[in-house]
Each structure stands twice: as structure tokens, then as C-alpha cells.
Amino acid sequence: MARIAGIDLPRNKRIEISLSYLYGIGRSSARAICEKAEIDGDTPTDRLADGEVVRLREIIERDYRVEGDLRRQVQENIKMLMDIGCYRGLRHRRGLPVRGQRTHTNARTRKGPRKTVAGKKKPAMKK
């Protein structure tokens, strides 16, 4: 089983697809990594030789920031935005959409379940 950056890659998929299971590596990065390691992207993960896995691991560790390091960097960037008080930081702090989406309707994923507000009572009818 190929284990890279602390993640077990799926055995029965092409290596090009398996590499995209790592946080920070998408399809185009996976294709570029395979080219650098001189591995055919269509090779199933379980058919890789140990030397090929080592080459992949070395390329990823040397040239890419993945998994824990990348997650930490993203969280630090968000924290920095919140600390300097910019608009994007305020949106993160309030738990609202950051990239200009509408919030009057929609945005339920970001805002959470609806908080029901009591309606105004109708005045009593006179007889």
C-alpha cells in the first residue's frame, strides 16, 4: 500500500487519481508529479514499485505543501485576516459568506439553521 504524507492512497485507482486524495494536490498537480517521477499516470496504485513510491514521496515533500502544513497555513492566513480587521476577516469572524454571495436568501450552509424570530402579534378585534 502506498502511503504518502500520512495518507493511505487507494489501491485500485490510477495513481493520477490517487494522488488527488492528498489535501493540496489536484488533478493537474498529480499529473505534473507523475511526469516528474517518470511514472505513467494510468498505472494503478497497487502496481507501483517501491522505488516509484519513494520518488513520488520525495517530489511531493520537496516541491509541494500538503496536508497538515497546508491546512495550518490556510488557518494562519484566515486568522491574520481576522486580526487586521479587514472585510474578509470580519466575514470569517461572523460566520458569513466571504466572497460576495447574497445572504438575504440562501447562505444556509454558512449561517447555520434558521433562527426563528417571533412575529408581531395582531391587534385584538373589537366587537
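Of the residues making up segment 1-48, those that are in a helix (DSSP H, G or I) and open to solvent by 90 Å² or more (accessible area, probe 1.4 Å) are TYR21, ARG27, ARG31, GLU35, LYS36, ASP46, ARG47.
Of all the residues in segment 17-32, those that are touching a Phe, Trp or Tyr at 6+ places or on another chain (Cβ under 8 Å) and in contact (Cβ under 8 Å) with a residue 40 or more places away in the chain number 2.
Look at segment 1-16: where a residue is at positive phi and hydrophobic (A, V, I, L, M, F, W, C) and a partner is open to solvent by less than 30 Å² (accessible area, probe 1.4 Å) and assigned to a loop (DSSP other than H, G, I, E, B), sitting 6+ places away or on another chain with Cβ atoms under 6 Å, you get ALA5/LEU22; ALA5/VAL66.
For VAL66, are the conditions met, namely being modelled with pLDDT under 95, among the β-branched types (Val, Ile, Thr) and in contact with a Gly (Cβ under 7 Å, 6 or more places away or on another chain)? Spelling it out, VAL66 is indeed modelled with pLDDT under 95, among the β-branched types (Val, Ile, Thr) and in contact with a Gly (Cβ under 7 Å, 6 or more places away or on another chain). If I filter segment 81-92 for residues that are more than 26 Å from GLY112 (Cβ to Cβ) and outside any loop (DSSP other than H, G, I, E, B), do I get at least one hit? Scanning segment 81-92 turns up no residue that is more than 26 Å from GLY112 (Cβ to Cβ) and outside any loop (DSSP other than H, G, I, E, B). Of the listed requirements (1) touching a Ser or Thr at 6+ places or on another chain (Cβ under 9 Å); (2) open to solvent by less than 40 Å² (accessible area, probe 1.4 Å), ARG110 misses just one: (2).
Among the residues of segment 55-80, those that are under 19 Å from the mean Cα position of the chain (by Cα), of a type in the set (Val, Ile, Thr) and part of a helix (DSSP H, G or I) comprise ILE60, VAL74, ILE78.
In this structure, does VAL98 turn out to be open to solvent by less than 100 Å² (accessible area, probe 1.4 Å), aliphatic (A, V, I, L, M) and more than 20 Å from MET1 (Cα to Cα)? Answer is yes for this residue.
Taking THR116 as the residue in question, decide whether it is among the β-branched types (Val, Ile, Thr), over 30 Å from ALA37 (Cα atoms), open to solvent by 60 Å² or more (accessible area, probe 1.4 Å) and assigned to a helix (DSSP H, G or I).
On the way: among the β-branched types (Val, Ile, Thr): yes; over 30 Å from ALA37 (Cα atoms): yes; open to solvent by 60 Å² or more (accessible area, probe 1.4 Å): yes; assigned to a helix (DSSP H, G or I): no.
No.
Among the residues of segment 63-73, are any of a type in the set (A, V, I, L, M, F, W, C), under 30 Å from ARG14 (Cα atoms) and exposed (fewer than 15 other Cβ atoms within 10 Å of the Cβ)? Spell out how you get there, then give the answer.
Kept after step one, since they are of a type in the set (A, V, I, L, M, F, W, C), are these residues of segment 63-73: 66, 70.
Going one step further and asking which of them are under 30 Å from ARG14 (Cα atoms), we end up with 66, 70.
This time we only want the ones that are exposed (fewer than 15 other Cβ atoms within 10 Å of the Cβ), so: none.
Within segment 63-73, none of the residues are of a type in the set (A, V, I, L, M, F, W, C), under 30 Å from ARG14 (Cα atoms) and exposed (fewer than 15 other Cβ atoms within 10 Å of the Cβ).
The values are calculated or read from the model by the stated rules, or taken from the named source; none is laboratory data. Small disclaimer: the values here were computed from a predicted structure and weren't measured. Ideal geometry is used to build each Cβ from the backbone, glycine not excepted, and the neighbour counts take in all protein chains shown. Heads up: the accessible areas ignore ligands, DNA and RNA and are worked out on the full protein's heavy atoms, side chains in. Shrake-Rupley method; radii C 1.70, N 1.55, O 1.52, S 1.80 Å.
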